[in-house]
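Each remark here refers to the structure printed beneath this line.
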Protein chains: 2
Amino acid sequence: MQALVEVGRGLEALFSPRSIAILGASDDVTKIGGRPLQFLRKYGYAGRIYPVNRKAGVVQTLQAHASVADLPEAPELAVIAVPPEGVLDAVEDCAGRGVRAAVVLSAGFSEMGEEGGRLQARIAQVARRSGMRIVGPNCLGAIGVPDRSIATFSVALEDTFPAAGPVGIVSQSGNLGSYTLRLASERGLGISRMLTTGNECDVDIADAIASLATDPGTSVILCCMETCRDGARLHKAMAMAREAGKPLVVLKVGVSEAGSAAAASHTGALAGSDAVFDVVLRNGGAIRVPSIEQLLEVGHALAVLGPDRLPRGNKVAVLTASGGFGVLLADAASAHGLALPRLAAPTRERILQVVPFASPANPVDMTAQVSSRPEVLAKVLAAVAEDDSCDALVLQSANAFHVPRLREVFLTALAQVRKEHPSRLIVLCARAPQEVRTQLNAMGFPVVEGIDAACATLAALVHFGARAEPASAGAAIERETLPAEAFATEASAKAALARAGLPVLKEAVVASRDEALAAARDIGFPLVLKIVSPDIAHKTEVGGVVMDVRSEGQLIEAYESLLARVAHKAPQARVTGVLVAQMAQGGVELILGTRKDPVFGPMVMVGLGGIFAEVLKDVALQSAPVDEAQATAMLRSLKAFPLLDGARGRPKADVQAAARAVAALSCFAARHAGEVAEIDINPLVVLEAGKGAFALDALLIPEQAEKGKQ
Amino acid sequence: MQALVEVGRGLEALFSPRSIAILGASDDVTKIGGRPLQFLRKYGYAGRIYPVNRKAGVVQTLQAHASVADLPEAPELAVIAVPPEGVLDAVEDCAGRGVRAAVVLSAGFSEMGEEGGRLQARIAQVARRSGMRIVGPNCLGAIGVPDRSIATFSVALEDTFPAAGPVGIVSQSGNLGSYTLRLASERGLGISRMLTTGNECDVDIADAIASLATDPGTSVILCCMETCRDGARLHKAMAMAREAGKPLVVLKVGVSEAGSAAAASHTGALAGSDAVFDVVLRNGGAIRVPSIEQLLEVGHALAVLGPDRLPRGNKVAVLTASGGFGVLLADAASAHGLALPRLAAPTRERILQVVPFASPANPVDMTAQVSSRPEVLAKVLAAVAEDDSCDALVLQSANAFHVPRLREVFLTALAQVRKEHPSRLIVLCARAPQEVRTQLNAMGFPVVEGIDAACATLAALVHFGARAEPASAGAAIERETLPAEAFATEASAKAALARAGLPVLKEAVVASRDEALAAARDIGFPLVLKIVSPDIAHKTEVGGVVMDVRSEGQLIEAYESLLARVAHKAPQARVTGVLVAQMAQGGVELILGTRKDPVFGPMVMVGLGGIFAEVLKDVALQSAPVDEAQATAMLRSLKAFPLLDGARGRPKADVQAAARAVAALSCFAARHAGEVAEIDINPLVVLEAGKGAFALDALLIPEQAEKGKQ
């Protein structure tokens, strides 16, 4: 793991170098050694360009040098496009000469298997040793748009160079980054920087995000992420973006099982579970989007709006000239969690004064009058813009911007509302020729063509506008060590957890009938008896549990028969006693657990027991530790939460006690993250409000055992 | 209700009339009376055009007539664009003159409230009386593309007329229809006919679908539907499309509560529940899509593919030149229910022979080699096209068709694979300039730009390719009449249902302690006692149920206390006895019911009891009646089905008996659809496999009472 202070260090040379060397420079512009040189000259890079080629000679009309050592100065940036077997020498030459950053475009490393991985590790060592930053290998490199610094062979640049602007693009996949760049350019989005990280031997996606977070020319960060190799660095980079006030929009690739399998074969890295990424990105204040199209729409809207027009809530007024479109928009808005409140009475009256046959509800149907009476649109827009009951307006038009007569009506009305309400968030859901779209964008109106896309984009803006302070990353929790015997049995695990604040019912481990009777007198009936053995993980399978023991007579019978069954079914198991435990009566059962994610550390999970968690996958996940408020939010996010909340005449359960238990377990998992791989509390029984929640069973799996399982 | 034989009757005059009169013809081409005339002349309609205008004179350089009566012949089609108060006279004039079909563009009818509704009803009577078909009012009319017959004022025609082709468009909303037409034209989709039905005083959406089903020039039907006023007519129209082998793709507008509310205010019609529409459209063999964009993508793909290249299953091979895109495609495919099977070993070997560093798994990553070695694509395509393990191929390319050098490589490889595999379904997930797209379409390749859109489109094709025979519409079930007392009490309802084949446990209604004891001896313990009263619907609320009666002593005590409680809590209720019923022990509880949809008739619903149906909304719906196989499919579609199927060590439940019960109830509901509004069976207890399923409670709600409730 690299130090966190390093995140984003020393990457300026990738985007604004005063000199660039191309190692493996070629005359053939279809080759990866030919294209960067061609692009630098074609698009007018103003710094010094040094082709390097073993044969020296002339490359693309420039005099090449035979080695980096021969160059008249140390280039700030080196682009390495030599065959894989030559890359190690090349990076060593660069580091020796004092190059500040190198981009390795060549492929043939960890993505090709173990041998390639070893070669890549040696390249990484050069970066560690020398301090020269290395991008790649197997990447599509970097572009600094304002300085026309081009260290890529992306075909996206074959016929055009992007316009400069506020949007930065980072991607692990070169193709996704390159495609995003291309689409963004075509849609009129100005670009600041692009960086693709490929195999990430040194510069990783966290560095890449940080290089945009610290760039004054970037105000919106678009990120295509396949995997994360170091959770702490990603957290740091997300915090840098957040502190800089720059929205970070993330397309996480590899959501499904099929996708994750493909991701693994692509990057050679263990993809984190998708649900864990969800939590991590949300905690970091990033906006997660499901597609490249949505990445661009949201990035575009953020760039057009700037930081001051983000919505404070999810209430939207929808304006159309068509009932049918109004219904579609209402459907899509609802699907994306947007609310369409009733407009204020004076607003509705003003609308009806303009169009007596309009539907002044929300969606507002201005009717076909919009196309025959030019004053309608401006007046209705003004009425709705002045109504504070909504956080945003969506104005839909199917064909208006394609019909010259109507285009003028719309542009005039929009200019007027913008003048009178400079910071009102108005999203246009419309088709428009690119030049009209550019004009509308310049007036501060995002333009989204599809109905679903418009609502999804607005929902993402709402998410970003309303984002809470990030969850504490738990850095304050000090690691502690557990005694080894804590892992031995259910009783010892529960004892350790009870000390950490997880409530358990009264219980005692006994070694004889007499001890059992004494314990029963202390605890009271009904009781549960369970076998205690470090060799038995699944007690019911060996008949090692007896429920509902109600009298001393039953206790003696149960004690004897329990030991006899276990002796018969698990003769090898070391039995260290019998657990005599108070039996919970009634209540709702939760399943509660923690799991240490290999990248992001301990996560805590809670769901309702039985079919809810296991069949319906109705569980809530969060980074451990969580506090009681976060734990309550987790419980409330469950679809089955009504079962805890008095649904269908049930008594309300002690949600507060359950939340305290979740929080206590999560702190325990964080404190012991060095040694505990997994914890299962199944069940945590939650009694009626005020009566508490108790762990009835507990299993601690140590880090070692977990590794052994894999 | 109009007769079913009428569906689609007499609509040819809308699309291929030899003469057209425009009533309310105007010189002002921004008016609805001006535009149709302008369009007819601008786009070269070859028939005779008759402007009609009270002032006669010259309109748009043509001599106008003062009335339809003055025309030299009876026009086949009349376009009516007069003010609403003049429409009734206009349609009567047309009917009197022998016009075959009239399109009423004018608004101001049922969408404006009751008075408008009455005027509209009188217009409808003219259609009924005369046989002249009337489209609208408040609609955007009709277009017959091959004959350039234009009875619309849609702005979509202001600057261009659609190319002729196989795609027909029908819509209730004029704007949605018009927008769909415009987008389709821009995307190069040829159009046969468009018809928008507006307020549907006569011609409805079923007629509209039928007019495309019977049109030899239409092979794909796109439909925007907001509501349905007559389920039987829609069924008939869907059957006509299906029998003609024409895919019917439906965008149903008004899915969410907000959307439905907007739909109601737009059309003045009661929108059916969305889940019911889902069932009806699926049963009718239609493909339902969630957005206009998807309507176009699916329509486009169907038009490009023709009927012979539809996939027979959901297995897809994905080819990319980028691991990142491969992952995105795998994710999207998985989200849309497509499977990515492992390719056959010889296929994988052939791929590796071409590109040794490729990932031959599925998705196939051909790597950047595709852009530098032209032979790679053709060889890999051929290898995968010859592998029968997949039903379809998706070839993805981010930028290839925008780069001239690569475009040629792709077009050549695709031409070759098309030549060798003329009927192989290959979808291109790619961006392409329109002229390249047209070229690819002509080769039989659908081109979809977005990754999610490509997978959604393919999934719709799979759905259509694999569609089963439609569910029987239950026409064979004869209506029967129930005795009135069946509705009186739980016992009488159960008796009626038991006669219809719904199993109930042994029970008897008793009127005294002695009868109760006798019944208990016959049935056996444990028992349940329930009050029998036509005045008590919710028995537990008045203490009218005693569970788990286990002895004669308990029985006597329970009998007395039950009557005493009810006498105290519901003194007015007429008590006709006490139900003594066998008590079910164990089993899983289902909730089972039927509801008569006002448009589509009886529907049957089943879900697991308690939280599953009510909180998690995990229910299955179907048109009644269903047979046992359909009922089994309903049960299997429940998310909670594993609870019936032995999840987590439970015994398997008697799914077969449960399915028989669902089928029996659905037949009962269909047979008594004239008099039964709703049936509740809560619970139906399902015992272990082989032990049956039994209705423990039943409530029949007669049609009358249901109407009273509203």
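The values are calculated or read from the model by the stated rules, or taken from the named source; none is laboratory data. Keep in mind that what you see is a predicted model, and the values were worked out from it rather than measured. Heads up, the Cβs are rebuilt from the backbone with ideal geometry, glycines too, and the neighbour counts pull from every protein chain shown. Side chains are part of the model used for accessible areas, which takes the heavy atoms of the whole protein and leaves out ligands, DNA and RNA. Shrake-Rupley method; radii C 1.70, N 1.55, O 1.52, S 1.80 Å.
List the residue pairs whose Cβ atoms are under 9 Å apart, where the first residue sits in region B:80-102 and is free of Cβ contacts under 8 Å to residues at least 60 places away in the same chain, the second is among the aromatic types (Phe, Trp, Tyr) and crowded, with 18+ Cβ neighbours inside 10 Å, and the two are 6 or more positions apart or on different chains.
Going by the 9 Å Cβ cut-off, the qualifying pairs are B:84/B:109; B:87/B:109.
With B:385, B:400 as the choices, which residue is farther than 22 Å from residue A:226 by Cα and in contact with a His (Cβ under 6 Å, 6 or more places away or on another chain)? It would help to see each step written out before you state the result.
On the way: B:400 fails: in contact with a His (Cβ under 6 Å, 6 or more places away or on another chain).
None of the other options fit; the residue is B:385.
Only strands (runs of 3 or more DSSP E) wholly contained in region B:549-632 count here; list those with 1 or more residues that are farther than 30 Å from residue A:638 by Cα and in contact with a Leu (Cβ under 7 Å, 6 or more places away or on another chain).
Hits in region B:549-632: B:577-582, B:601-608.
Which of the residues belonging to region B:400-429 are crowded, with 23+ Cβ neighbours inside 10 Å and within 11 Å of chain A (Cβ to nearest Cβ)?
Of everything in region B:400-429, just one residue is crowded, with 23+ Cβ neighbours inside 10 Å and within 11 Å of chain A (Cβ to nearest Cβ), namely B:400.
With the checklist (1) touching a residue at least 12 places away in the same chain (Cβ under 8 Å); (2) more than 12 Å from chain A (Cβ to nearest Cβ) in hand, flag the one item residue B:345 doesn't pass.
Of (1) touching a residue at least 12 places away in the same chain (Cβ under 8 Å); (2) more than 12 Å from chain A (Cβ to nearest Cβ), only one is false for residue B:345: (1).
If we scan region A:642-653, do we find a residue that is in contact (Cβ under 8 Å) with a residue 40 or more places away in the chain, open to solvent by 10 Å² or more (accessible area, probe 1.4 Å) and within 18 Å of residue A:495 (Cβ to Cβ)?
The answer is no; no qualifying residue exists.
Out of A:273, A:265, A:260, report the one residue that is at pLDDT below 90, of a type in the set (S, T, N, Q) and farther than 27 Å from residue A:459 by Cβ. I'd like the intermediate steps shown before the answer.
Details: A:273 fails: farther than 27 Å from residue A:459 by Cβ; A:260 fails: farther than 27 Å from residue A:459 by Cβ.
Step by step, each of A:273, A:265, A:260 is checked, and only A:265 is at pLDDT below 90, of a type in the set (S, T, N, Q) and farther than 27 Å from residue A:459 by Cβ.
Could you tell me whether residue A:237 is part of a helix (DSSP H, G or I), crowded, with 24+ Cβ neighbours inside 10 Å and either touching a helix residue (DSSP H, G or I) at 6+ places or on another chain (Cβ under 9 Å) or within 14 Å of chain B (Cβ to nearest Cβ) (or both)? First the steps, then the outcome.
Values: part of a helix (DSSP H, G or I): yes; crowded, with 24+ Cβ neighbours inside 10 Å: yes; either touching a helix residue (DSSP H, G or I) at 6+ places or on another chain (Cβ under 9 Å) or within 14 Å of chain B (Cβ to nearest Cβ) (or both): yes.
Taking the combined requirement at face value, the residue satisfies it.
Residue by residue through region A:59-103, note down the ones that are among the small types (Gly, Ala, Ser) and under 19 Å from residue A:41 (Cβ atoms).
Kept after step one, since they are among the small types (Gly, Ala, Ser), are these residues of region A:59-103: A:64, A:66-67, A:69, A:74, A:78, A:81, A:86, A:90, A:95-96, A:98, A:101-102.
If the condition is that a residue be among the small types (Gly, Ala, Ser) and under 19 Å from residue A:41 (Cβ atoms), then A:64, A:78, A:81 are the ones that fit.
Just checking, does region A:371-378 include any residue being within 30 Å of residue B:115 (Cβ to Cβ), at the interface with chain B (Cβ under 8 Å from one of its Cβ atoms) and either open to solvent by 40 Å² or more (accessible area, probe 1.4 Å) or free of Cβ contacts under 8 Å to residues at least 40 places away in the same chain (or both)? Please lay out each step first, then the result.
So in region A:371-378, the residues within 30 Å of residue B:115 (Cβ to Cβ) come out as A:371-377.
Restricting the remaining residues to those that are at the interface with chain B (Cβ under 8 Å from one of its Cβ atoms) gives A:371-372.
Filter once more, keeping what is either open to solvent by 40 Å² or more (accessible area, probe 1.4 Å) or free of Cβ contacts under 8 Å to residues at least 40 places away in the same chain (or both): A:372.
Yes, because at least one residue in region A:371-378 is within 30 Å of residue B:115 (Cβ to Cβ), at the interface with chain B (Cβ under 8 Å from one of its Cβ atoms) and either open to solvent by 40 Å² or more (accessible area, probe 1.4 Å) or free of Cβ contacts under 8 Å to residues at least 40 places away in the same chain (or both).
Answer yes if at least one residue in region B:520-532 is in a helix (DSSP H, G or I) and open to solvent by less than 80 Å² (accessible area, probe 1.4 Å), and no otherwise.
Kept after step one, since they are in a helix (DSSP H, G or I), are these residues of region B:520-532: B:520-523.
Subset that is open to solvent by less than 80 Å² (accessible area, probe 1.4 Å): B:520, B:523.
Yes, because at least one residue in region B:520-532 is in a helix (DSSP H, G or I) and open to solvent by less than 80 Å² (accessible area, probe 1.4 Å).
May I ask you to verify whether residue B:92 is open to solvent by 30 Å² or more (accessible area, probe 1.4 Å) and modelled with pLDDT under 95?
Details: open to solvent by 30 Å² or more (accessible area, probe 1.4 Å): yes; modelled with pLDDT under 95: no.
Spelling it out, it is not the case that residue B:92 is open to solvent by 30 Å² or more (accessible area, probe 1.4 Å) and modelled with pLDDT under 95.
Enumerate the helices (runs of 4 or more DSSP H) found wholly within region B:284-403, keeping only those where 1 or more residues are among the polar types (S, T, N, Q) and either touching a strand residue (DSSP E or B) at 6+ places or on another chain (Cβ under 8 Å) or under 22 Å from residue B:188 (Cα atoms) (or both).
On the way: elements: B:292-305, B:323-335, B:345-354, B:369-372, B:375-385.
Helices (runs of 4 or more DSSP H) meeting the threshold: B:292-305.
Give me the residue from region A:155-180 that is within 12 Å of residue A:195 (Cβ to Cβ) and touching a Ser or Thr at 6+ places or on another chain (Cβ under 6 Å) and, out of that set, farthest from the other protein chains (Cβ to nearest Cβ).
Taking the candidates together, the pick is A:168.
Residue B:623 passes all but one of (1) touching a helix residue (DSSP H, G or I) at 6+ places or on another chain (Cβ under 8 Å); (2) small (Gly, Ala, Ser); (3) surrounded by fewer than 16 Cβ atoms within 10 Å (Cβ to Cβ); (4) within 30 Å of residue B:229 (Cα to Cα); which number fails?
(3)
Whether any residue in region B:673-682 is within 14 Å of chain A (Cβ to nearest Cβ), in contact (Cβ under 8 Å) with a residue 40 or more places away in the chain, within 29 Å of residue B:545 (Cα to Cα) and open to solvent by 10 Å² or more (accessible area, probe 1.4 Å) is what I want to check. Let's see the steps before the verdict.
Residues of region B:673-682 that are within 14 Å of chain A (Cβ to nearest Cβ), as a first pass: B:682.
Narrowing the set further to residues that are in contact (Cβ under 8 Å) with a residue 40 or more places away in the chain leaves B:682.
Next, from what is left, pick out any that are within 29 Å of residue B:545 (Cα to Cα): B:682.
Pick out the ones that are also open to solvent by 10 Å² or more (accessible area, probe 1.4 Å) and you get B:682.
For region B:673-682, residues within 14 Å of chain A (Cβ to nearest Cβ), in contact (Cβ under 8 Å) with a residue 40 or more places away in the chain, within 29 Å of residue B:545 (Cα to Cα) and open to solvent by 10 Å² or more (accessible area, probe 1.4 Å): present.
Please verify whether region A:141-152 includes one or more residues that are open to solvent by 10 Å² or more (accessible area, probe 1.4 Å), of a type in the set (Asp, Glu), more than 17 Å from residue A:15 (Cβ to Cβ) and outside any helix (DSSP H, G or I). Before you say what the answer is, go through the steps one by one.
The first filter runs over region A:141-152 and keeps only residues open to solvent by 10 Å² or more (accessible area, probe 1.4 Å), leaving A:146-148.
So of that shortlist, the ones also of a type in the set (Asp, Glu) come out as A:147.
With more than 17 Å from residue A:15 (Cβ to Cβ) added as a condition, the list becomes none.
Among the residues of region A:141-152, not one is open to solvent by 10 Å² or more (accessible area, probe 1.4 Å), of a type in the set (Asp, Glu), more than 17 Å from residue A:15 (Cβ to Cβ) and outside any helix (DSSP H, G or I), which makes the answer no.
Touching a Gly at 6+ places or on another chain (Cβ under 6 Å) and either without any contact (Cβ under 8 Å) to a residue 24 or more places away in the chain or not assigned by TED's automatic domain parsing to the domain that holds residue B:664 (or both): is that true of residue B:565 in this structure?
Against the criterion (touching a Gly at 6+ places or on another chain (Cβ under 6 Å) and either without any contact (Cβ under 8 Å) to a residue 24 or more places away in the chain or not assigned by TED's automatic domain parsing to the domain that holds residue B:664 (or both)), residue B:565 qualifies.
Tell me whether region A:296-308 contains one or more residues that are within 14 Å of another protein chain (Cβ to nearest Cβ) and touching a helix residue (DSSP H, G or I) at 6+ places or on another chain (Cβ under 9 Å). It would help to see each step written out before you state the result.
Just the residues of region A:296-308 that are within 14 Å of another protein chain (Cβ to nearest Cβ), to begin with: A:296-297.
Now narrow it down to the ones that are touching a helix residue (DSSP H, G or I) at 6+ places or on another chain (Cβ under 9 Å): A:296-297.
So far as region A:296-308 goes, yes, one or more of its residues are within 14 Å of another protein chain (Cβ to nearest Cβ) and touching a helix residue (DSSP H, G or I) at 6+ places or on another chain (Cβ under 9 Å).
If I ask for residues that are part of a loop (DSSP other than H, G, I, E, B) and not aliphatic (A, V, I, L, M), which ones from region B:409-443 would you list?
To start, the set of residues in region B:409-443 that are part of a loop (DSSP other than H, G, I, E, B) comprises B:421-425, B:431-433, B:443.
The answer is B:421, B:422, B:423, B:424, B:431, B:433.
For region A:534-551, which residues satisfy the criterion of being touching a residue at least 40 places away in the same chain (Cβ under 8 Å) and of a type in the set (Gly, Ala, Ser)? Show your work before the answer.
Let us first name the residues in region A:534-551 that are touching a residue at least 40 places away in the same chain (Cβ under 8 Å), namely A:534, A:537, A:539.
Within region A:534-551, just A:537 meets the criteria.
Mind listing whichever residues of region A:25-49 are more than 14 Å from chain B (Cβ to nearest Cβ) and crowded, with 24+ Cβ neighbours inside 10 Å?
Residues satisfying the conditions are A:25, A:36, A:37.
Let me confirm something: among B:222, B:183, B:189, B:212, which residue is out of contact with any Ser or Thr (no Cβ under 9 Å at 6 or more places or on another chain) and crowded, with 24+ Cβ neighbours inside 10 Å?
Values: B:222 fails: out of contact with any Ser or Thr (no Cβ under 9 Å at 6 or more places or on another chain); B:183 fails: crowded, with 24+ Cβ neighbours inside 10 Å; B:212 fails: out of contact with any Ser or Thr (no Cβ under 9 Å at 6 or more places or on another chain).
The conditions single out B:189.
Filtering region A:580-605 down to residues that are over 20 Å from the mean Cα position of the chain (by Cα) and hydrophobic (A, V, I, L, M, F, W, C), which residue is farthest from the other protein chains (Cβ to nearest Cβ)?
So the first thing to find is which residues in region A:580-605 are over 20 Å from the mean Cα position of the chain (by Cα), and the list is A:580-593.
So of that shortlist, the ones also hydrophobic (A, V, I, L, M, F, W, C) come out as A:580-581, A:583-584, A:588, A:590-592.
On the way: A:580: 26, A:581: 22, A:583: 21, A:584: 20, A:588: 11, A:590: 15, A:591: 12, A:592: 18 Å.
Selected residue: A:580.
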